[in-house]
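Colleague: Please read through the structure below; I'll follow up with questions.
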Amino acid sequence: MPYLFEDFALDGDRRELRRGNELVPVEPQVFDLLQYLICNRNRVVSKDDLIDAVWQGRIVSDATLSSRINAARSALNDSGVTQRLIRTILRRGIRFVGAVLEEGVAAEPTGSELPGPSLPDRPSIAVLPFANMSGDPEQDYFADGMVEDIITGLSRISWLFVIARNSSFTYKGRAVDVKQVGRELGVRYVLEGSVRKVGNRVRITGQLIDAEDGSHLWADRYDRDLTDIFMLQDEITISVVAAIEPNLRRAEIERVKRKRPDNLDAYDFLLRALPDVYTFMPQGAAQGLPLLERALAAEPNYALAHGFAAWAHQTLFVRGGMHDENRVKAIVHSHAAIEHGSGDAMALALAGFTIGLVEHDHRLAEEIFAQALALSGSCVFAYAFGCVPAAYGGDAERAIDWGERAMRLSPLDTMSCIPQGVIGFGNFLLGRHEDAVAAGRRAVELNPHFSILHGWLAAPLAMLGRLDEAKAAAGRLMVLDPEFAIGRWSSTVGIAPGILEDVTEAMRLAGLPE
């Protein structure tokens, strides 16, 4: 039977693939693979399914299978990057996702085109009622209260579209298909979970699912003593929301990588910039900035783009040559993020970090961090970035506290090296040099290419008299940043006068140039 999709026609009887009037040459195995995918377009096809259908169960190497899938994509002007028609579903298989018309039959909608609200222009999520696994109907109030708090917490993430409680709770007590929920509510992601109470202990599980293909993006379990029930709800809510945010961001970055470059909006440009900016390296910042500038050209008042642009320019200034142009632009973008981001906790956190580190206005930075945390107590950025100007300003106790909060909220985040390193630097300032070394080593393991982490480690090693190790750490810093000098660095980041002498002496002992 002929199948029509986009401007292609696949005729199984004639074994022909045409684009318009042009015959597209296709190898027999590739044609069979294409035909099988199109006939089974309503489901994910596994590797074993393909081998059974196309090779009749013969042994086929992964390389052969991959080359035939690539050839099928190539025949349709598709690729493994765009995956416009043939999509890889991580750890499950592949699926044909184009709209197909069987000749003489009305067009069949694909999964994303089934009746229901259209997806909003930003990431969208529904939080389903958590299942009460306690066998005690009276515990429903606890599970429902947990979900309501999570919905409220997620609603504070400005870039996230969250379905209201009244809509998501219509699924309470029902066995649901997550993909169907996604279609009915018009959301890309679904969070579901369960609550089980046994005696004075409670176990809460949660899992974040891509509603388009059913893949799991995140899952975790929390076991707690059931003492103060409301305090427990707050603790779990903050932990869940903090864990979901970076996982959603990673999923969105992967999604936008598959979009065609001529079909990008300001949010997509921002997402494409993030992997480069997250490297913490000047080279990455320089690569990400043009994309952030395109985001701001499309949407000049985009607070989060201003926040990340401020961070990128700060990276270029502090670690890429200390050019005044980058310092000025970092400050300008920071204040623009504050002006346009009064309701965006992450934009404010990025602005506070840059203002504290580059403008050296610690009072304003503290106000901005407080504003960010008032908006969202689970904003990891506020703690992870706020601990740095606190440490450089000499407030070691708060620096350690905020660093530990950031690590507790998001221990596997790509930026965890910053709070982990600050925990070490803060302990150094308090004279707890063994603790400082332990934390400093963990930070270096998380990101060995972040130069100042080696400086933060060298300082306590020197104060312990372990000069060979201190000089080795200092040497690694100099390899990563050959222009590093203690005086220039300390004045650039605003090391407070009260700690400057101790910091300088320790780094000098480690062999770093003044």
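The values are calculated or read from the model by the stated rules, or taken from the named source; none is laboratory data. Note that this is a predicted model, so its numbers are computed, not measured. Every residue, glycine among them, receives a Cβ derived from its backbone with ideal geometry; neighbour counts consider all protein chains shown.
Colleague: Only one of ARG174, ARG165, ARG156, ARG188 is within 29 Å of ALA349 (Cβ to Cβ) and without any contact (Cβ under 8 Å) to a residue 60 or more places away in the chain; which?
Modeller: After applying the criteria, what remains is ARG165.
Colleague: Do you know which residues across the range 159-184 are closer than 27 Å to SER342 by Cβ and hydrophobic (A, V, I, L, M, F, W, C)?
Modeller: Of everything in the range 159-184, those that are closer than 27 Å to SER342 by Cβ and hydrophobic (A, V, I, L, M, F, W, C) turn out to be TRP159, LEU160, PHE161, VAL162, ILE163, ALA164.
Colleague: When the residues of the range 464-514 are narrowed to those that are part of a helix (DSSP H, G or I) and β-branched (Val, Ile, Thr), which ends up farthest from ARG442 (Cα to Cα)?
Modeller: THR492
Colleague: For the structure I just gave you, tell me whether GLU505 is out of contact with any Gly (no Cβ under 7 Å at 6 or more places or on another chain), under 30 Å from TYR222 (Cβ atoms) and either modelled with pLDDT of 95 or more or not β-branched (Val, Ile, Thr) (or both).
Modeller: no
Colleague: I need the helices (runs of 4 or more DSSP H) fully contained in the range 13-125, keeping only those with at least 2 residues that are at pLDDT 85 or above and either within 30 Å of the chain's Cα centre (by Cα) or of a type in the set (Gly, Ala, Ser) (or both).
Modeller: Here the list reads 62-75.
Colleague: In the range 126-159, what residues are assigned to a loop (DSSP other than H, G, I, E, B) and over 29 Å from the mean Cα position of the chain (by Cα)?
Modeller: Matches in the range 126-159: MET133, SER134, GLY135, ASP136.
Colleague: Filter the range 286-301 down to residues that are touching a helix residue (DSSP H, G or I) at 6+ places or on another chain (Cβ under 7 Å) and either assigned to a helix (DSSP H, G or I) or within 18 Å of PRO275 (Cα to Cα) (or both), then give me how many there are.
Modeller: Residues flagged as touching a helix residue (DSSP H, G or I) at 6+ places or on another chain (Cβ under 7 Å) and either assigned to a helix (DSSP H, G or I) or within 18 Å of PRO275 (Cα to Cα) (or both) within the range 286-301 amount to 10.
Colleague: Six or more apart or on different chains, Cβ atoms under 9 Å: show the pairs whose first residue is in the range 472-496 and farther than 15 Å from ALA458 by Cα and in contact (Cβ under 8 Å) with a residue 40 or more places away in the chain and whose second is polar (S, T, N, Q) and part of a helix (DSSP H, G or I).
Modeller: If the second residue must be polar (S, T, N, Q) and part of a helix (DSSP H, G or I), the pairs left are ILE495/THR504.
Colleague: Here's a follow-up. Looking at ILE209, is it assigned to a strand (DSSP E or B) and crowded, with 19+ Cβ neighbours inside 10 Å?
Modeller: Criteria met by ILE209.
Colleague: Can I ask one more? Of the conditions (1) buried (at least 19 other Cβ atoms within 10 Å of the Cβ); (2) more than 26 Å from GLY498 (Cα to Cα), ASP468 clears all except one; give me its number.
Modeller: Among (1) buried (at least 19 other Cβ atoms within 10 Å of the Cβ); (2) more than 26 Å from GLY498 (Cα to Cα), ASP468 violates only (1).
Colleague: Please pick out the residue among LEU461, LEU457 that is touching a Lys or Arg at 6+ places or on another chain (Cβ under 7 Å), at pLDDT 95 or above and in a helix (DSSP H, G or I).
Modeller: When all the criteria are applied, what remains is LEU457.
Colleague: Assess whether PHE308 counts as being buried (at least 23 other Cβ atoms within 10 Å of the Cβ) and more than 22 Å from the chain's Cα centre (by Cα).
Modeller: So PHE308 fails the test.
Colleague: A follow-up question, please. Kindly indicate the residue of the range 481-511 that is surrounded by 18 or more Cβ atoms within 10 Å (Cβ to Cβ), of a type in the set (A, V, I, L, M) and in contact with a Ser or Thr (Cβ under 7 Å, 6 or more places away or on another chain) and also farthest from THR279 (Cα to Cα) among those meeting that condition.
Modeller: VAL503
Colleague: Do we find a residue being in contact with a helix residue (DSSP H, G or I) (Cβ under 7 Å, 6 or more places away or on another chain) and within 23 Å of ASP136 (Cα to Cα) anywhere in the range 207-217?
Modeller: no
Colleague: Are any residues in the range 413-438 aliphatic (A, V, I, L, M) and closer than 20 Å to ALA382 by Cβ, and if so, which ones?
Modeller: MET415, ILE418, VAL422, ILE423
Colleague: So ALA297 passes all but one of these: (1) over 16 Å from the mean Cα position of the chain (by Cα); (2) modelled with pLDDT of 85 or more; (3) closer than 16 Å to ALA347 by Cα. Which condition number does it fail?
Modeller: (3)
Colleague: A further question follows. Which residue, of ARG174, ARG250, ARG203, is among the basic types (Lys, Arg), out of contact with any helix residue (DSSP H, G or I) (no Cβ under 7 Å at 6 or more places or on another chain) and in a helix (DSSP H, G or I)?
Modeller: From the options ARG174, ARG250, ARG203, the qualifying one is ARG250.
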